[in-house]
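Working notes, beginning with the structure itself.
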Amino acid sequence: MFMRIDHIGIACHDLEEKIELFSRTFELTVVAREVNEEQGVKEAMLHIADGEGGGSYIQLLEPLSEESPVGKFLARRGEGVHHVAFGVPDVADAMHKIKEKGVRLLDERPRHGSMGSEIAFLHPKDVGGMLTELVQAATPPQNVKKVHM
Ligand code: CMX
Ligand code: CO
């Protein structure tokens, strides 16, 4: 079902500061920046590698409000790893198969994710405490451009 790790989502208070830290420390390049109102986040994707069905990235997340999922996470746990996203060939098919195994889906149908992808979240309590995202990458990825720091 899983082809690769698509991204690790990291929650932070200051997106610009963490972009600077990650690109300088790990020599990663920002390939996309988006405001996703539906998910309540401002985000940046830092490219690591290309893999089967899409790339792999670090996703830096700053909440748009304290009441958003990432805002609540920061208040409870502070900055750090927020979720892990796995690349799947077909997100609707993966959702269906996983739901049949008794895991709660946080989304009834796929939503729009970074770079034109289709995504869905699984309840962390049903999969060992890790907020898990399924990603069907757009091929080719959309809105991608190298952002020079
Ligand atoms: N990882 C692991 N556990 C988490 C978690 C996370 N990121 N966020 C919340 N939890 C746990 C909490 O610790 C809490 O556990 P306890 O019941 O033991 O205290 C439980 O889940 C409920 O947490 P809560 O703070 O009361 O939050 P809510 O129930 O309101 O929401 C969740 C939790 C996961 C349903 C919600 O955050 C959600 O819908 N997330 C999916 C959407 C999302 O996170 N979008 C932002 C990312 C955007 C992107 O990737 O592009
Ligand atoms: Co994500």
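What are the lysines whose alpha-carbon lies under 23 Å from the alpha-carbon of K72, with same-chain residues fewer than 8 places away excluded?
K18, K42, K125
Say R0 is 22 Å: what FRET efficiency, to the nearest 0.05, do E52 and A92 get from their beta-carbon distance?
0.70
Rounded to the nearest whole Å², what accessible area per residue is found for region 4-136 with the 1.4 Å probe? If you can, show how the numbers build up before the last one.
Values: 6870 Å² over 133 residues.
Computed with neighbouring chains in place, this is 52 Å² per residue.
In nm, to one decimal, how far is the H112 label point from the K99 one, both placed 7 Å along Cα→Cβ?
Taking the two extended label points, one gets 2.2 nm.
Taking GluC sites (Glu not before Pro) as candidate sites, keep only those in a DSSP loop with at most 12 other Cβ atoms within 10 Å, then name the longest stretch of the chain containing none of them.
Counting only loop sites that pass the neighbour cut-off, the longest clear stretch is 109-149.
In the chain, carbon and sulfur make up what percent of the accessible area (probe 1.4 Å)?
So the carbon and sulfur contribution to the accessible surface is 52 percent.
Which aspartates and glutamates, on any chain, are close to K101 with Cα under 18 Å apart, when same-chain ones fewer than 8 places away are left out?
Partners within reach: D90, D93, D126, E133.
Taking K and R as +1 and D and E as -1, what net charge do the other residues with C-beta under 14 Å from the C-beta of E100 add up to?
On the way: positive: K97, K99, K101, R104; negative: D93, D126.
Here the count lands on +2.
Counting alpha carbon pairs within less than 8 Å and at least 6 residues apart, what relative contact order, in whole percent, applies to region 1-118?
Values: 207 pairs, mean separation 38.7, N = 118.
About 33 percent, as a whole number.
Test of understanding: what is the full-extension gain from K145 to E20, defined as 0.36 nm times their sequence separation minus their Cα-Cα distance?
So the extension gain works out to 43.3 nm.
How would K101, K42 rank on accessible area, largest to smallest, probe 1.4 Å?
Heavy-atom accessible area, descending, gives K101, K42.
Can you compute log10 of I(q)/I(0) for the chain with the Debye formula, treating each Cα as one identical point scatterer, at q = 0.14 Å⁻¹?
-0.64
Using a Gaussian network model of the chain with C-alpha springs under 10 Å, which one of F26, F86, F73 is most mobile by mean-square fluctuation?
F26
The values are calculated or read from the model by the stated rules, or taken from the named source; none is laboratory data. Please read all numbers here as calculations on a predicted model, not as lab measurements. Don't worry about glycine lacking a Cβ; one is built from the backbone with ideal geometry, like all the others, and counts go over all protein chains shown. These area figures cover heavy atoms from the full protein model, side chains too; ligands, DNA and RNA do not enter into them. Shrake-Rupley method; radii C 1.70, N 1.55, O 1.52, S 1.80 Å.
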